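The values are calculated or read from the model by the stated rules, or taken from the named source; none is laboratory data. Since we're looking at a predicted model, the values are computed, not measured. With ideal geometry, Cβ positions are generated from the backbone for all residues, glycine too; neighbour counts draw on all protein chains shown. SASA here: full protein model, heavy atoms, side chains in, ligands and nucleic acids out. Shrake-Rupley method; radii C 1.70, N 1.55, O 1.52, S 1.80 Å.
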Amino acid sequence: MDLKKILNQSKSKISQAKTQADLEKIRIEILGRNGLINKLFSDIKNQSDPKSYGQQLNQLKTDLEIALKQKLSSVGAIQESPTSKKPLSITNANITQKVGHLHPITITERLLNNLFTDLGFSIYHGPEIETDEYCFERLNLPKDHPARDLQDSIYIDEPEILLRTQTSSIEARLLAAEKPPFRVAFPGKVYRNEKVNKSNHFIFHQYQAVVVDKNVTLKDLFGTMDLMFKKLYGSKSVTRYRVKYYPEVEPGVGPDMQCFSCHGSGCPICKGAGWIEMGGAGIIHPTVLQKAGIDPTVWSGFAFGMGLDRWTMAKFNIKDIRTLTGGNIAYTPHKL
Ligand SMILES: [Zn+2]
């Protein structure tokens, strides 16, 4: 058997292939289970020098594998269209080497996880199917509290089991499970009964951080949030805090960031306000600590949460929130 001849014949076949499908056919012919190489291997015992023949066969196999791989990367940009024979160009050319990338939300979550880990925070996760107790009751939102109307819920088993409507449910679990002092951050998917359109979805993402220690004040909260915004948006970013109402904190504040586009003078991005709302925060309500068995006369803490979707969309230039839950793998986000 002239292995050199086989190598040259196979190589010329590979070089004439025009599509990935052609190459796959050739690959099976040569390297498949019933392919040429395996047939040659099965003939090894009939050779005068089986050892040297085996070595040559292995070399042949390696050479052909390389030739196939090289050709595959050069035809990667052309894919045969199933309906016409016209070549179709696809954006992510070398699909043999890169089959996917991290989800933009995952990239944002990891960025924040790294930031908070550097500040000495631990990262927590919690269940997405939650009880009424941890989603509302322990967060100072008893049944019939009007603020529950703001979170139209999706129930698994009404009225006790639901898909969590806020990552504060992880806070409730954390307070019940850990002994202070602690500082913890957590990302999470949350679910609300919302109409799905370009800017709203029934699934969205939040990021939250909680600190419980002795003598924690609003100053600590402002310092931590300012640092976070400066890390995310640059050292020149300006934040302000307005008093707001959230049942699980007292006092509650809403951080706003000066619009990164118009720097406060008003533009379409900030809807003329000059400022962009960045989430909710505050000093943890004594009742919330009490419900978790933490003495509010000894311990105090702050919590803040913000939505990740809009921030991620702005950063990656995504115009439609549904893109985040869609299955279009050809979509490639910009690098951070
Ligand atoms: Zn603006």
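Looking at the chain, what % of its DSSP beta bridges pair antiparallel, to the nearest 5?
95
Just to make sure I understand: if all protein chains stay in place, what is the order of Leu23, Leu119 by accessible area at 1.4 Å, largest first?
Of Leu23, Leu119, the descending order of accessible area is Leu119, Leu23.
Please give the FRET efficiency for Lys214 paired with Ala147, using the beta carbon to beta carbon distance and R0 = 35 Å, rounded to the nearest 0.05.
0.75
For the chain, which cysteines have no second Cys with its Cβ under 4.7 Å from theirs?
Cys135
Can you give the accessible area of His125, probe radius 1.4 Å, in Å² rounded to 10?
The accessible area of His125 comes to roughly 140 Å².
Which whole-Hz ³J(HN,Hα) couplings does segment 288-303 yield from phi under the Karplus relation 6.51 cos²θ - 1.76 cosθ + 1.60, θ = phi - 60°, glycine and proline marked x?
The phi angles translate into 5, 5, 4, 4, 8, x, 9, 6, x, 7, 9, 10, 9, x, 10, 9 Hz.
Please list, short to long, the whole-number percent of alpha-carbon pairs of segment 104-325 in consecutive 5 angstrom bins beginning at zero.
Percent of Cα pairs in each bin: 1, 7, 14, 19, 20, 18, 12, 6, 2, 0.
Per-residue HN-Hα couplings for segment 181-197, Karplus 6.51 cos²θ - 1.76 cosθ + 1.60 at θ = phi - 60°, whole Hz, x for Gly and Pro?
Residue by residue, segment 181-197 yields x, 7, 9, 9, 10, 8, x, x, 7, 10, 10, 9, 7, 10, 5, 8, 8 Hz.
So how far, in whole Å, is the C-alpha centre of segment 212-252 from the one of segment 41-70?
Here the answer is 67 Å between Cα centres.
Would you mind working out the accessible area per residue for segment 104-325, using a 1.4 Å probe, and quoting it in Å²?
48
Of the accessible area of segment 104-325, with the probe set at 1.4 angstrom, what percent is carbon plus sulfur?
51
Within the chain, what is the longest stretch that has no GluC sites (Glu not before Pro) placed in a DSSP loop and near at most 16 other beta-carbon atoms within 10 Å?
195-336
Please report Rg (one decimal) and Dmax (integer) in Å for the Cα set of segment 146-251.
Cα-based Rg and Dmax for segment 146-251 come out at 16.2, 48 Å.
Rounded to whole Å and sorted largest first, what semi-axes of the equivalent ellipsoid does the C-alpha gyration tensor of segment 266-305 yield via the square root of 5 times each eigenvalue?
The answer is 36, 8, 6 Å, longest axis first.
Taking the Cβ of Pro181 as the center, what net charge do the other residues with Cβ under 11 Å away carry, scoring Lys and Arg +1 and Asp and Glu -1?
+1
Heavy atoms only, 1.4 Å probe, whole protein assembly: order Asp2, Asp149, Asp320 by accessible area, highest first.
Asp149, Asp2, Asp320
Can you pull the accessible area of Val210 for me, 1.4 Å probe, Å² to the nearest 10?
Per-residue accessible area (Val210): approximately 0 Å².
Quick one: which residues, 5 or more positions from Gly274 or on another chain, have an amide H under 5 Å from its amide H? H modelled 1.01 Å from N in the peptide plane, none for Pro or chain starts.
Here Gly266, Cys267 satisfy the definition.
Could you tally the net charge around Val238, taking each other residue with its Cβ under 12 Å from the Cβ of Val238, Lys/Arg +1 and Asp/Glu -1?
Local net charge: +1.
Leaving ligands, DNA and RNA out of it, rank Ile66, Ile26 by accessible area with a 1.4 Å probe, largest first.
Ranking Ile66, Ile26 by accessible area, largest first, yields Ile66, Ile26.
With every protein chain in place, what's the accessible area of Arg27 (1.4 Å probe, Å², nearest 10)?
Solvent-accessible area, nearest 10 Å²: 90 Å².
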